[in-house]
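Some notes on the structure that comes next.
The values are calculated or read from the model by the stated rules, or taken from the named source; none is laboratory data. Predicted, not measured: the structure shown is a model, and the values here were computed from it. Cβ coordinates were reconstructed from backbone atoms using ideal geometry, including for glycine residues, and neighbour counts include every protein chain displayed.
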Amino acid sequence: MAALRLLGLIECRKGTADRRTVHLHLRPNGRATALKSREVFSGPLTRALAHLGGDDLADLEEQLARLVARLRSIPRVGTNPSVALDKYNCSSCS
């Protein structure tokens, strides 16, 4: 959560009735990013994938699985939120 907060995409607010509760709110940049992400998933890539045959889709799935495995094997160092997202948790919300 802190990575999204550091990027200015969300705002964390403690609950008033129960201070253990944290409410997440999209900031204007976060809303724009969410809308842009939705366009990506409903845009040209989705239409192109719809035209692939079964064998092509299976090949693509296999290649993507290898890519994800390689990405997961990269050591997570530093404080760059885009590199070490799992380092952050909501305890950093104020």
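Tabulated data
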item: Region 12-31, subset surrounded by fewer than 10 Cβ atoms within 10 Å (Cβ to Cβ) and at pLDDT 85 or above, residue farthest from MET1 (Cα to Cα); result: ALA17
item: Inter-residue pairs, beta-carbon under 8 Å, first among the polar types (S, T, N, Q) and in region 31-51, second at pLDDT 80 or above, 6+ apart; result: THR33/LEU9
item: Extreme residue, modelled with the lowest pLDDT, among residues of region 32-72 that are under 17 Å from the mean Cα position of the chain (by Cα) and not hydrophobic (A, V, I, L, M, F, W, C); result: GLU39
